[in-house]
Each structure stands twice: as C-alpha cells, then as structure tokens.
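The values are calculated or read from the model by the stated rules, or taken from the named source; none is laboratory data. If you're wondering where the values come from, they're calculated on a predicted model, not measured in any experiment. Virtual Cβ from ideal backbone geometry, glycine too; neighbours counted across all protein chains shown. Keep in mind that these areas ignore ligands, DNA and RNA; they rest on the heavy atoms of the full protein, side chains included. Shrake-Rupley method; radii C 1.70, N 1.55, O 1.52, S 1.80 Å.
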Amino acid sequence: QVQLVESGGGLVQAGGSLRLSCAASIRTFSIYALAWFRQVPGTEREFVAAISGGAGNTYYTDSVKGRFSISRDNAKNTVYLQMNSLKPEDTAVYYCAARPYYYANSELQYDYWGQGTQVTVSS
C-alpha cells in the first residue's frame, strides 16, 4: 500500500518562504517520478513541479520558475518543494503525486496522491 504524506504548509506573508515535504512509503522510491500539484477550490488541479526517477531531472510550470525548487532525498523517501518569493496567487492546497519513472504534467497520469497541505500567502 503506497502512501504519500505531505507536510510543511501554513500561513506566510507575501515574499516569504515555505518548504513542503512529502514522505513516501514506496519500496522502489528512487525510480519514481514525484510531482507537486496545487488546487484552488472551484478550479482544476494545476501542475507545479516534478522530478523524474533515476536522473532526477526537474520540470516547472512557468509561473513558479526561479522561485520554486523541487528536490528529492532517496535515502529518506522524501521529495521537497522549496517555495521562495511567495505570492498571494500561490495560495492553494498543494498535493504530492507519484508515478513510475517519467514525469508528467497531467494529474491523470499519476498513480498515487497525498492528502494535501494548505499554503496560504497573505498580501
């Protein structure tokens, strides 16, 4: 049974930083691609960032490039999302997702999901 558990969300002022963590109970964690999505109530879930299995290539949506950084620690079965220079429009529930090997930017292609963590950025 695969489980993903996010943590690190909270309330922060605009311009501040947060680091989200996602701990995964996946036996072969290193071969999995991990991604972060976010969702505002009433809207579709949006791709934020991903890191591939193996080589660990990273991918970002344009609105977070230069501000967010995704990384992974295979020894700890954990993926991180470092969020800097936060803006009020970054406010959302952030979800961690996993799929084998290759990254994807569509939520439909991910097999496993966490329960989400709320990030609120005040102006």
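Quick check: is even one residue across the range 64-71 over 14 Å from Thr120 (Cα atoms), part of a strand (DSSP E or B), open to solvent by 60 Å² or more (accessible area, probe 1.4 Å) and free of Cβ contacts under 8 Å to residues at least 24 places away in the same chain?
No, the range 64-71 has no match at all.
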Which residue pairs have Cβ atoms under 7 Å apart, sit 6 or more places apart or on different chains, and have a first residue in the range 72-85 that is outside any loop (DSSP other than H, G, I, E, B) and a second that is at pLDDT below 95?
Arg72/Gly56
Qualifying positions in the range 32-57 - touching a Ser or Thr at 6+ places or on another chain (Cβ under 9 Å), outside any strand (DSSP E or B) and over 14 Å from Gln118 (Cα atoms):
Ser52, Gly53, Gly54, Gly56
For Tyr59, work out the one condition from (1) over 20 Å from Leu108 (Cα atoms); (2) open to solvent by 60 Å² or more (accessible area, probe 1.4 Å); (3) at pLDDT 95 or above it doesn't fulfil.
(1)
Of the residues that make up the range 87-109, is at least one touching a Lys or Arg at 6+ places or on another chain (Cβ under 8 Å), β-branched (Val, Ile, Thr) and open to solvent by less than 60 Å² (accessible area, probe 1.4 Å)?
yes
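Could you check the range 68-90 and list, in sequence order, the residues that are small (Gly, Ala, Ser) and at negative phi? Please lay out each step first, then the result.
Residues of the range 68-90 small (Gly, Ala, Ser): 69, 71, 75, 85.
Of everything in the range 68-90, those that are small (Gly, Ala, Ser) and at negative phi turn out to be Ser69, Ser71, Ala75.
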Residues in the range 10-23: is at least one under 17 Å from Ala98 (Cα atoms), surrounded by 21 or more Cβ atoms within 10 Å (Cβ to Cβ), at pLDDT 95 or above and not β-branched (Val, Ile, Thr)?
yes
